[in-house]
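Peer 1: Below you'll find the structure I mean.
The values are calculated or read from the model by the stated rules, or taken from the named source; none is laboratory data. The structure displayed is predicted, hence computed values, not measured ones. Glycine gets a Cβ as well: all are built from the backbone with ideal geometry, and neighbour counts include every protein chain shown.
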Amino acid sequence: MQQYDEWAPVYDQMMQEPIYKLIRPFSKLFHATVSKLFPEMEKRAFKVLDVAAGTGLLGLELNKLGYSNIDALDISREMMNHARSKNVYKKFMYTAMTDQRTADIKTGEYDALTCSGAVGSAHVRPSAFDEMIRIFKPGGVLCFNISLVEDSKYEEKRKELEDAGKWKLACKEKVPFLEDDKLEETHLYIYVRYQ
Ligand SMILES: C[S@@+](CC[C@H](N)C(=O)[O-])C[C@H]1O[C@@H](n2cnc3c(N)ncnc32)[C@H](O)[C@@H]1O
């Protein structure tokens with residue numbers, strides 16, 4: 001939390017294209033999947049929670065695609081202060097996404113959850129997926145990415161939830177993530193909630 005509070009004032013400057021490449025493929029795949037699964041649904045009514053929203057880079061891109069019913073959740077107040085100034089989120093929740101129940105969020109409250117650049121060590125851990133599944137509707141989607149290096153740490157949990165009939169993989173793609181000296185890629189996942 002402290003690190004992100006300190007990073008917040010320069011985050012957007014440092015994490016933009018061509019360095020941070022994730023946001024556009026992430027929002028594009030999310031939008032394509034949502035449009036396919038919910039062809040009748042109006043984008044502005046579709047209720048999304050952006051988990052670990054940070055300064056709102058993803059919210060901004062989703063807003064450009066017509067999504068305007070988006071809430072934000074993040075552990076860092078400073079990151080969220082920057083997100084607030086983008087005017088794309090309705091509600092802000094300052095809390096960590098963990099295995100604990102998020103008091104402010106009802107079961108099945110959201111149509112979809114997004115989580116970009118935050119599933120990984122010391123961030124959103126595998127045990128948080130049960131809580132993430134609780135808060136979006138059956139038939140709804142959860143879109144997140146995991147770096148190729150960390151992917152195996154989440155494999156057991158992904159399989160456990162699949163075997164338990166909690167969710168089903170709708171798509172998995174390898175997309176560009178970060179480029180400093182060399183290009184780093186990430187796996188982008190979209191799961192559909194079953195029950
Ligand atoms: C690398 S930033 C990504 C922000 C944004 N999603 C993006 O793509 O630009 C990671 C964010 O995750 C937040 N974060 C890390 N672990 C978290 C957790 N367990 N619950 C909520 N937020 C968390 C941090 O505060 C930070 O804002």
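Peer 1: Find all pairs meeting these conditions: Cβ atoms under 6 angstrom apart; at least six residues apart or on different chains; first residue within region 12-25 and farther than 15 Å from E184 by Cβ; second residue within 11 Å of the ligand (Cβ to nearest atom) and of a type outside the set (S, T, Y).
Peer 2: Within 6 Å, no pair qualifies.
Peer 1: Sort out which residues of region 54-113 are small (G, A, S), free of Cβ contacts under 8 Å to residues at least 40 places away in the same chain and within 19 Å of M41 (Cβ to Cβ), and write them in order of number.
Peer 2: G59, G66, S68, G108
Peer 1: Moving on to the next point. Kindly indicate whether any position in region 115-122 is under 22 Å from Y20 (Cα atoms) and not small (G, A, S).
Peer 2: yes
Peer 1: Just to confirm my filter: which helices (runs of 4 or more DSSP H) fall fully inside region 1-104 and include at least 1 residues that are surrounded by fewer than 17 Cβ atoms within 10 Å (Cβ to Cβ) and away from the ligand (no atom under 14 Å from the Cβ)?
Peer 2: Ranges flagged: 23-37, 57-64.
Peer 1: Just to be sure I understand, how many residues within region 128-146 are over 14 Å from the mean Cα position of the chain (by Cα) and part of a strand (DSSP E or B)?
Peer 2: Filtering region 128-146 for residues over 14 Å from the mean Cα position of the chain (by Cα) gives 130, 134, 137-139.
Then keep just the ones that are part of a strand (DSSP E or B); that gives 137-139.
Result for region 128-146: 3.
Peer 1: While we're on this one: Quick one: which of K182, K159 is modelled with pLDDT under 95 and among the basic types (K, R)?
Peer 2: Of the residues listed, the single one that is modelled with pLDDT under 95 and among the basic types (K, R) is K182.
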